[in-house]
Structures are given as C-alpha cells and as structure tokens.
1. What is the distance in Å between the Cα centroid of segment 5-82 and that of segment 87-121?
2. Computed FRET efficiency, Cβ-Cβ of D199 and E146, R0 41 Å: what is it to the nearest 0.05?
3. Please compute the net charge surrounding E242, taking Lys and Arg as +1 and Asp and Glu as -1 over other residues with Cβ under 15 Å from its Cβ.
4. When the helix-only estimate is applied to the chain (DSSP H runs of n ≥ 4, each -39,500 (n - 2.57), divided by the residue count), what is the mean residue ellipticity at 222 nm, nearest 500 deg cm²/dmol?
5. Note down the nm distance, to one decimal, between modelled labels 7 Å out along Cα→Cβ at A222 and at R75.
6. When H91, H217 are ordered from fewest to most other Cβ atoms inside 10 Å of their Cβ, what list results?
7. Only counting other Cβ atoms within 10 Å, I'd like T113, T122, T47 sorted with the fewest neighbours first.
8. Label A15 and A84 with points 7 Å out from Cα along Cα→Cβ: what is the distance between them in nm?
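A short reminder: the numbers here are calculations on the coordinates, not readings from a lab. What you see is a predicted model, and the numbers here were worked out from it, not measured in a lab. With ideal geometry, Cβ positions are generated from the backbone for all residues, glycine too; neighbour counts draw on all protein chains shown.
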Amino acid sequence: MTDAILPRRETGDAADPRPPVVFLHGLAGDRLAWEGLQDRTDPPRRTIAFDLPGHGDARDWPVRGHAGIAARAVRQSLDRLGIARFHLVGHSMGGAVACLVAMAAPDGVASLTLLAPGGFGTEINARLLRRFARAQAAGDLAPLVEAFFGFASPVPDGLVELMAAMRAEPGRTAAFGEIAEAILDGDRQGRLDLDRLADAPFPARVIWGDSDAVLPHRQMDAAPPAFARHLLPGVGHMPHIERPDLVLRLIGQSLNGGAG
C-alpha cells in the first residue's frame, strides 16, 4: 500500500482540538458530494472529505476495489494526518467503509453516522448499480441518476451534466465498473459482520429513505440495537442531498453525543 494520503477537501481550523468530522462518499462519487454539508456543521468544526480509491483525484490510487480496501486507505490517511480520533459520516459504499474503519479502530471513533449504508444486507439493485457505474453520456445517466432519488426529491439542476463531464475523462467509468464488481457478488452484495459493532463505545445512527431504490430500507433492521434509526419519508438513496438540513441536524446530534 502506498504511503500517500487520499485526496481530500478540508474545512475549518486544522488546529481545532476537537475530533474532526470525516465524510466518506458512495460509489462513483467524490469528496465534492459533501460540499453542501461540510461548511455547515453545528457547532462549526474541522471537516475532511476524502476521495476514496478509484474516485475523484484518487482515480489512480495503486489499490482500489471493495470497501475493505477503501477502509485501509482511510485509516492510513488519518494516521498520516496525525488524526487519532474522529467522527465518521458515510454514505452507501462509504457507509460500509465507515463501519469497517470503526470495527478496526473503535477507540478512535467519536461517533458514527451512516446514510443508506452498504453491507447491512445482501439485497442490492445490482442492475442499476452496474449501469450507473458505466454510463457516460448525460442522456444515459439522467434516468439512472433519477432512480437514486425519492419521488418527492427532484434531481438537482446541473448534477447530471457535472457527472457526465467528469466521466468523460479516460478510464473513469472503467474504474467505477471495476469497483462495482468488487462490491457485488453476482446480483448480491457482501454483508458486514455488524455484531462487531454491537458493543461499540461511541454513539451511532443510521439514516435511510423509505423510497430507496438501491438498497432496501428494511436493511436498517440489521443495525445493532443501540444504533439510533431514522427513516425519512419520500427520500431515496441520497438523503444528504435530498434532505440536507435534516441530515445536518442529525449529524449535529452525533457530534454532540460523542466525546468532543
């Protein structure tokens, strides 16, 4: 594994003694997915949004693939940055990554907030995920992106065009397709050993939309009993984009409930 640090977007004061908030995006996303939340944490604090291996400016990261590989890269990057304690916020694949980081380093986690996380069950919309990972043109992406949002949540203006421009870069969709296949086992996904989080020494919560067409919200039932659960009506697979104010408020509850 490389000694490098994953590309990242940071906000806040790097000298802030409180644990920073670490944001982890989903498949085919990047650190910019969190721009709308990073600058609005309450109370304000340092935040770090990483590009996971194979995504964003980490497209050429030496090793990329399933969530376990990304989790090791995140832990290494935090170690290189000298960050021993942190709050974790993860979406979809990034939620699975956050869980694996928390399992490996529970004493370093101040809180865990998961948005429609991967790995809570074996069911997944594999056909949608595969098509989404490899689509390039805006016309092909538009109906796929729409499927990620709930019936009450329009796709933000310009999002599809922005994604198409990024995917025009050589090798971009090939990397996404490779990572999608690493996540999938046929038409299923790998399941996390969530029992390892049952006695976690930090507050944790799961946020899910009841109109999620990627991962069924009933997988939230697999969360350990101590996890707080939030089911959002009319919301799809993108709660941080569909209901940013509510998600920010829930993240704030995690920050206030964790030490620091």
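1. Distance between centres, Cα-based: 13 Å.
2. Values: r = 40 Å, r/R0 = 0.98.
The calculated FRET efficiency here is 0.50.
3. Surrounding charge for E242 is -3.
4. Here the helix-only value at 222 nm equals -9500 deg cm²/dmol.
5. Modelled inter-label distance: 2.1 nm.
6. On the way: H91 30, H217 20.
Least to most surrounded, the residues fall as H217, H91.
7. Listed from fewest to most nearby Cβ atoms, that is T122, T47, T113.
8. 2.0
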